[in-house]
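My questions will all concern the structure given below.
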Amino acid sequence: MTENRLGLLKLLLEVFKTKFPFPLIGFVFIIIPVVTLIPVRYFLESIKDTCEKYDHTAIAAKGKDLKATVTELQTQYNVTINEAYHPQIITYTYNDGQVKTDKFKTLIDPDKPTFKVGDTLNIRLYKGETIIKNLEPYSFPVFLFYTLPIIFLIIGIPLFLMGLLPVLRKYKAITGITS
C-alpha cells in the first residue's frame, strides 16, 4: 500500500513537472500574500493611534454629552488630502468624575481653523472613549495595503490551476477514480 502511494505521488510530481513553470509561479504568488498578510495586518494595526481604533458610531449613538477644553492642536503636514486638507490631532481634557485627557483625529481646512487652545468642545463619552460632536473622524485608509496581496492572489490562482487541473485529470485517469 505504501509503495502504491509513493508511486502515485511520483506520478503526480512527474505530471506536474510537464506543466512547469506555471504551477510553481502560481504557488509562489499564492504563498507570498498568505505569509505576508498576517504580519502586515498586525503592523498596520499597531501604528494606529488609540483614538483611531474607537467605535465612533457606538459612541455617537450611546454616548453621553460632556464639555472638554482643547489643550493641544497638532497638524500633520506630511499628509495631504485633496491638496488642501491635513489631519489634525486635537488633544483635550474633560471631567467625568476625574479629569481625563483624550485625542481626536480629524481633517481640518487650513484656511478655516476650527479650534484654538483653550476652546470648549462638545464631546460624547461612551465606555471611556470620546469623540468630538459634529466632526468626522479621520484614519488613514490602511485597507489600501491589503489590495496588493489580493492582486498577487488573482494572478497566482489561475497560474496554479493551469498546472494543477491537468495533473488531477491525468491522476484520475491513471488511478481510475471517478467523480
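Can you name the residue in the range 73-96 that is farther than 17 Å from E136 by Cα and in a strand (DSSP E or B) and is also most open to solvent (accessible area, probe 1.4 Å) among such residues?
N95
Right, here's the next one. Please go through the range 97-140 and give me each residue that is part of a strand (DSSP E or B) and more than 17 Å from V70 (Cβ to Cβ), ordered by number.
Y126, E129
Whether any residue in the range 23-42 is modelled with pLDDT under 80 and either in a strand (DSSP E or B) or not aliphatic (A, V, I, L, M) (or both) is what I want to check.
Yes - at least one qualifying residue is present in the range 23-42.
Of the residues that make up the range 100-123, is at least one farther than 25 Å from P141 by Cβ and open to solvent by less than 30 Å² (accessible area, probe 1.4 Å)?
Within the range 100-123, the first condition is being farther than 25 Å from P141 by Cβ, and the residues that meet it are 100-101, 116-122.
Filter again for open to solvent by less than 30 Å² (accessible area, probe 1.4 Å), leaving 121.
Within the range 100-123, one or more residues are farther than 25 Å from P141 by Cβ and open to solvent by less than 30 Å² (accessible area, probe 1.4 Å).
G176 versus (1) touching a residue at least 40 places away in the same chain (Cβ under 8 Å); (2) more than 30 Å from L37 (Cβ to Cβ): which is the lone unmet condition?
G176 satisfies all of (1) touching a residue at least 40 places away in the same chain (Cβ under 8 Å); (2) more than 30 Å from L37 (Cβ to Cβ) except (1).
Taking the range 138-164 as the region of interest, how many residues are at pLDDT below 80 and either of a type in the set (F, W, Y) or open to solvent by 60 Å² or more (accessible area, probe 1.4 Å) (or both)?
Qualifying residue count, the range 138-164: 5.
How many residues are outside any helix (DSSP H, G or I), surrounded by 12 or more Cβ atoms within 10 Å (Cβ to Cβ) and at pLDDT below 85 when one looks only at the range 43-54?
Total satisfying the criteria: 2.
Now a separate question. Taking the range 61-72 only, how many residues are touching a residue at least 12 places away in the same chain (Cβ under 8 Å) and open to solvent by 50 Å² or more (accessible area, probe 1.4 Å)? So that I can check it myself, show each step before the final result.
Looking only at the range 61-72, we keep the residues that are touching a residue at least 12 places away in the same chain (Cβ under 8 Å), and these are 62-72.
In the following step, the residues that additionally are open to solvent by 50 Å² or more (accessible area, probe 1.4 Å) were identified as 62, 64-65, 67, 69, 71-72.
The qualifying residues number 7.
The values are calculated or read from the model by the stated rules, or taken from the named source; none is laboratory data. Note that this is a predicted model, so its numbers are computed, not measured. Heads up, the Cβs are rebuilt from the backbone with ideal geometry, glycines too, and the neighbour counts pull from every protein chain shown. The accessibility values were calculated without ligands, DNA or RNA, using every heavy atom of the protein model including side chains. Shrake-Rupley method; radii C 1.70, N 1.55, O 1.52, S 1.80 Å.
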